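Notes follow once the structure below has been shown.
The values are calculated or read from the model by the stated rules, or taken from the named source; none is laboratory data. If you're wondering where the values come from, they're calculated on a predicted model, not measured in any experiment. For neighbour counting, all protein chains shown are included, and Cβ atoms are generated from backbone atoms with ideal geometry for every residue, glycine included. Protein only, heavy atoms only, side chains kept; ligands, DNA and RNA dropped before computing areas. Shrake-Rupley method; radii C 1.70, N 1.55, O 1.52, S 1.80 Å.
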Amino acid sequence: MDSSTDFDSLSCILPNSCLLVHPSPYYVGIVGHASDKFTSQTKRLALNTIEALLSSPESVLVSGHCHLGGIDIWAERIAKSLGRDMIIYPPSNYNWQDGYKPRNLQIARKSHIVHCLVVKDYPSGYKGMRFDRCYHCGTSNHVKSGGCWTMKKCREMGRGKQSQLWIIGD
């Protein structure tokens with residue numbers, strides 16, 4: 001095998017199975033929207049996705065403990081229920097420059113991969129700030145999230161080439 005093989009994306013296909021090769025522990029960043037952007041249906045889909053992302057016993061959750069609930073908190077609860085280790089970086093305060101940005105960079109630096117779970121559309125009755133597009137991704141196919149910024153930073157750092165955006169919709 002070539003020593004320059006990218007083990008972050010190496011997979012071996014065997015009859016009736018697939019073996020993914022990754023380091024142990026495997027630091028899995030999970031970020032995304034606060035709870036107010038989810039309906040009961042999209043929350044259920046998000047919870048199922050988080051459980052699948054943390055299914056490997058080598059997985060260690062890396063997340064940001066958002067005070068608004070949602071993906072970060074749900075990921076912590078699921079990781080605990082699965083007996084997974086966690087590395088949680090809460091923001092030191094609730095502003096971008098001194099709180100969320102440094103916290104998101106910690107997540108990006110620590111994670112082997114960052115999964116960003118976002119919704120396709122705002123739920124009916126949503127009262128918060130609205131954006132026409134996710135300016136981090138330059139698209140209107142999902143609602144803007146700072147998690148997209150974190151996922152992109154992980155890729156830029158060369159850590160999470162397989163980092164993925166999960167768009168959850170009704």
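Scanning the stretch 53-68 for residues that are modelled with pLDDT of 95 or more and either β-branched (Val, Ile, Thr) or closer than 18 Å to residue 118 by Cα (or both), which turns out surrounded by the fewest Cβ atoms within 10 Å (Cβ to Cβ)? In this case the residue turns out to be 65. The residue that is most open to solvent (accessible area, probe 1.4 Å), counting only those in the stretch 143-169 that are of a type in the set (D, E, K, R) and closer than 20 Å to residue 103 by Cβ, is 156. Applying the set (1) open to solvent by 40 Å² or more (accessible area, probe 1.4 Å); (2) without any contact (Cβ under 8 Å) to a residue 60 or more places away in the chain to residue 122 leaves exactly one unmet item: (2). Restricting attention to the stretch 75-105 and to residues that are crowded, with 19+ Cβ neighbours inside 10 Å and touching a Gly at 6+ places or on another chain (Cβ under 9 Å), the residue that is nearest to residue 155 (Cα to Cα) turns out to be 104. Scanning the stretch 83-102 for residues that are farther than 11 Å from residue 65 by Cβ and among the aromatic types (Phe, Trp, Tyr) gives 94, 96, 100.
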